[in-house]
């Protein structure tokens with residue numbers, strides 16, 4: 001599939017590669033650069049805030065604000081001198097991608113082509129939908145199926161005051177046992193030092209890309225529920241998430 005021309009380079013989206021037209025040099029985009037460029041490409045001419053770019057298309061941030069700034073800098077550096085007009089900084093709003101006249105992202109071009117050539121197909125689809133609707137009108141409905149709850153695996157933790165805590169995994173992505181045991185041991189050794197803590201449960205959830213760990217502490221203070229949510233990013237190939245230095249500063253007892 002041909003790439004998307006962007007000034008003096010071509011972007012091969014499926015491969016995650018930028019290629020210079022002049023000398024053919026190819027650059028395999030790092031994760032941050034790929035996420036920033038694809039978001040700008042999917043919203044040409046629209047300013048995207050740094051916070052939105054941080055999310056990489058996900059509901060929650062997957063990288064830091066400094067990673068976004070660095071990604072824009074390296075993209076401009078590779079693309080060349082015209083990059084300051086291609087990837088523009090919009091004061092107070094963020095960044096936007098300004099496409100040349102006649103250029104559109106590949107997805108947009110494919111959508112327009114489909115709209116011009118698929119009218120007969122659309123009529124067939126509408127007819128099939130009407131048939132399905134007629135069948136559903138009299139076809140007996142099966143009994144409702146209960147949703148499958150998130151996978152949970154409670155693990156006990158005991159504080160210095162012999163207060164029991166539960167470490168609960170509620171993540172769609174499997175945490176390997178070695179990593180789970182490492183996190184449990186680190187959390188247990190920290191929480192054991194707490195003389196008094198409101199927490200009764202600690203929930204672990206890992207992002208789909210495996211690089212963000214969410215810790216949710218649940219407990220009570222004076223009979224009222226209390227929650228504390230912590231997000232930890234680790235972009236290494238083998239993340240560990242909880243460093244000794246971080247545990248010292250986080251003050252998990254409160």
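Any read-out appearing in this document is the output of simple, stated calculations on the displayed coordinates, not a laboratory observation. This structure is a prediction, so every number in the text was calculated from the model and none was measured. Please note: Cβ atoms are built from the backbone with ideal geometry, for glycine as well, and neighbour counts cover all protein chains shown.
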Descending packing, highest mean Cβ count within 10 Å first, for 85-95, 61-71, 21-31, 212-222 is 61-71, 212-222, 85-95, 21-31
In whole percent, the Cα-Cα distances of the range 155-250 spread across 5 Å bins from 0 upward as 3, 12, 24, 27, 19, 10, 4, 1, 0
Protection proxy (average C-beta count within 10 Å per residue), highest first, orders 191-197, 4-10 as 4-10, 191-197
Packing-ranked peptide list from 238-250, 36-48, highest mean Cβ count within 10 angstrom first, is 36-48, 238-250
Rh_Kirkwood(the range 4-107) over Cα pairs, Å, one decimal, evaluates to 13.7
